[in-house]
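The values are calculated or read from the model by the stated rules, or taken from the named source; none is laboratory data. From a predicted model like this one, the values you see are computed outputs, not experimental measurements. We place every Cβ from the backbone using ideal geometry, glycine too, and count neighbours over all the protein chains shown.
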Amino acid sequence: MVASANELIELILSVEGPAAPLPPGRFETAQGPDSLDMIHTGELSDLVPFLVFLRYEDTAGSISERQVTLHGLYTGPSGHPTLVGYCHVRQAQRQFRMDRIRESIDCVTGETYESPAALIDALDRDETDAAVKRCRHGLTVLSYLARCDGRYCVQERDVVLSYVRQITDDAVIEEHRLNWLLDRICPDVDIAVHSAKMLAQGKGETNMRTLLGFAGRLIDADGIRAPEELSFAQRLHGIQDRYL
């Protein structure tokens, strides 16, 4: 049976974003509503989105464990350094005071960071990290596009790597470190759209035409044009048209 055009549109619009990997042996637990001090309503930040598993105690003393795609660090209203990111449990933006983080875990290896400060240090080690930050907007968009159908194949990774190399052609990039970072860049759709808008407004490392060229290559890389990929690509074209 051939689906109608309306049915195809409904399918494309109903697909979910990429599933983030849990650290070995860990589970997400967040009972009851989050405390008000965890709600983040400010602007999305411009850091490379980085996946981590947090054990967090809120101001009411409730302990939760959750995957978070971090994308910002700022000084909160209380004067404490505060991490901002997309909570995969609540499917919404949340903020986490660093002094209330009881444990931070690498989602890929399951290793525990010594402290929240060590987690931040892990994102800023060498020239490869600096190069990734330089191309963070396009990298965020392409990483979301690569993951949004639940698959992230070698051919798609090669397209993302080629984008990084093209934008940072004068940088000394260590391949192992770059792949370590790419394994942990797992953006949500909000931060991916935010990055696309930054590029469309001329506030990023390249233009939308260049990004869309890489997006097309990525969609075709594995020989499967998934509806999730096509839906997000259509959204990217809409963002480009809006800011022309």
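So, ARG209, is that one out of contact with any strand residue (DSSP E or B) (no Cβ under 9 Å at 6 or more places or on another chain), outside any helix (DSSP H, G or I), among the basic types (Lys, Arg) and more than 16 Å from LEU139 (Cβ to Cβ) or not? Against the criterion (out of contact with any strand residue (DSSP E or B) (no Cβ under 9 Å at 6 or more places or on another chain), outside any helix (DSSP H, G or I), among the basic types (Lys, Arg) and more than 16 Å from LEU139 (Cβ to Cβ)), ARG209 does not qualify. Any idea which of GLN234, GLN201 is modelled with pLDDT of 95 or more and out of contact with any strand residue (DSSP E or B) (no Cβ under 8 Å at 6 or more places or on another chain)? The unique qualifying residue is GLN234. Applying the criterion of being polar (S, T, N, Q) and under 21 Å from the mean Cα position of the chain (by Cα) to the residues of region 41-59, the residue that is modelled with the highest pLDDT is THR41. Pairs meeting the criteria (first residue in region 117-130 and in the same structural domain as GLU103 (by TED's automatic domain parsing) and within 13 Å of LEU73 (Cβ to Cβ), second residue among the small types (Gly, Ala, Ser) and at pLDDT below 80, beta carbons under 6 Å, at least 6 apart or on different chains) are lacking. Looking across region 225-244, the residues that are without any contact (Cβ under 8 Å) to a residue 12 or more places away in the chain and assigned to a loop (DSSP other than H, G, I, E, B) come down to ARG225, LEU244. Among the residues of region 144-182 satisfying the criterion of being under 23 Å from THR109 (Cβ atoms) and in contact with a Cys (Cβ under 7 Å, 6 or more places away or on another chain), which is surrounded by the fewest Cβ atoms within 10 Å (Cβ to Cβ)? The selected residue is ARG147. Across region 43-76, which residue is surrounded by the fewest Cβ atoms within 10 Å (Cβ to Cβ) among those that are out of contact with any Cys (no Cβ under 6 Å at 6 or more places or on another chain), touching a residue at least 40 places away in the same chain (Cβ under 8 Å) and over 16 Å from ASP124 (Cβ atoms)? Ranking the candidates gives THR59 first.
LEU212 meets all of the listed conditions (1) over 17 Å from VAL164 (Cα atoms); (2) crowded, with 17+ Cβ neighbours inside 10 Å but one, namely (1). Looking only at region 60-79, residues that are at pLDDT 90 or above and farther than 21 Å from VAL189 by Cβ come to 5 in all. Kindly check whether there is at least one residue in region 115-138 that is under 21 Å from ALA226 (Cα atoms), crowded, with 18+ Cβ neighbours inside 10 Å and modelled with pLDDT of 90 or more. There is at least one residue in region 115-138 that is under 21 Å from ALA226 (Cα atoms), crowded, with 18+ Cβ neighbours inside 10 Å and modelled with pLDDT of 90 or more.
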